[in-house]
Amino acid sequence: MGAEEHQNTREHGEQKATGSSKTILLTVLGLAGIAIMALVVFATHGSVQAHGFCNFCHSAYYDAKEYAFNEKVGMEKPSGMLTGCAECHPQPYMEFRKSTHFETEKLDRRPGCSNCHEPHSILLWYKYMYRQPDEWKRVQISMRDTEIWEKEVRPDLAKKARIKFVKSDSRACRGCHNEAAKTWKPTIKAHQKFLKEGGTCIKCHFNLVHGEVPWPDKDKM
């Protein structure tokens with residue numbers, strides 16, 4: 001290799017190294033910018049449980065008090081995203097507002113979203129919001145497309161929710177509805193059969209809060 005070729009190779013290597021350094025620098029600066037923005041959001045808007053957190057990005061904001069986790073019912077407070085539910089799930093939220101669970105006379109026992117549904121973890125929230133999997137894209141589209149919501153997204157979410165209820169033996173139902181709270185009556189014939197033969201609440205009590213979704217194979221679960 002001649003001196004000129006050697007010089008060109010060295011210069012090419014230096015340029016490549018410089019390019020890599022710039023990429024690393026930009027990545028570090030980008031991550032630092034995100035971290036600073038996150039600190040600003042937390043400093044000015046409180047934790048992820050606070051009202052202003054979602055309002056920082058969203059122009060519309062539903063009153064989180066209406067669907068907040070209810071600590072008065074004796075359930076253990078879960079971890080994860082406990083606010084902003086209605087921002088991403090407006091249809092279920094509006095259905096909840098029209099249900100007997102929302103309009104109950106016992107307002108101190110009104111459940112919030114996370115009293116019944118497992119809240120998203122911070123990692124899952126990050127995955128949905130920034131990695132944009134197909135599932136979240138469908139949810140986004142369904143906010144504006146009623147047909148996609150009714151035919152695709154609602155049935156899929158209902159199925160996933162029911163599977164979780166069955167696997168947990170309807171733990172969320174039992175958290176509020178029990179003899180101690182006088183919100184569950186063992187004298188009802190169906191409940192007596194339930195106690196004798198076994199079963200779980202969700203198998204009889206579904207389509208109570210949200211729009212109706214058929215469950216033809218419920219006895220197979």
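Look at the stretch 71-88: where a residue is β-branched (Val, Ile, Thr) and a partner is not in a helix (DSSP H, G or I), sitting 6+ places away or on another chain with Cβ atoms under 6 Å, you get 83/49.
Go over the candidates 180, 161, 190 one by one and state the one that is assigned to a helix (DSSP H, G or I), among the small types (Gly, Ala, Ser) and exposed (fewer than 12 other Cβ atoms within 10 Å of the Cβ).
190
Every residue, every condition in (1) at pLDDT 80 or above; (2) closer than 29 Å to residue 172 by Cα; (3) touching a helix residue (DSSP H, G or I) at 6+ places or on another chain (Cβ under 8 Å), yes or no:
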residue: 11; (1), (2), (3): no, no, no
residue: 31; (1), (2), (3): no, no, no
residue: 46; (1), (2), (3): no, yes, yes
residue: 50; (1), (2), (3): no, yes, no
residue: 66; (1), (2), (3): yes, yes, yes
residue: 71; (1), (2), (3): yes, yes, no
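For the stretch 140-149, the criterion of being aromatic (Phe, Trp, Tyr), in a helix (DSSP H, G or I) and in contact with a Ser or Thr (Cβ under 9 Å, 6 or more places away or on another chain) is met by at least one residue. Scan the stretch 90-105 and give yes if some residue there is at pLDDT 90 or above, hydrophobic (A, V, I, L, M, F, W, C) and part of a loop (DSSP other than H, G, I, E, B), otherwise no. Yes - at least one qualifying residue is present in the stretch 90-105. For beta carbons closer than 6 Å, sequence separation of 6+ or different chains, a first residue in the stretch 180-206 that is in contact (Cβ under 8 Å) with a residue 40 or more places away in the chain and a second that is among the polar types (S, T, N, Q), the qualifying pairs are 202/170.
Of 142, 121, 114, 170, which residue is more than 29 Å from residue 73 (Cβ to Cβ), polar (S, T, N, Q) and surrounded by 12 or more Cβ atoms within 10 Å (Cβ to Cβ)?
142
The values are calculated or read from the model by the stated rules, or taken from the named source; none is laboratory data. It should be emphasised that the depicted structure is a prediction, and the values quoted were computed from it without experimental measurement. Note that each Cβ is placed from the backbone with ideal geometry, even for glycine, and that neighbours are counted across all protein chains shown.
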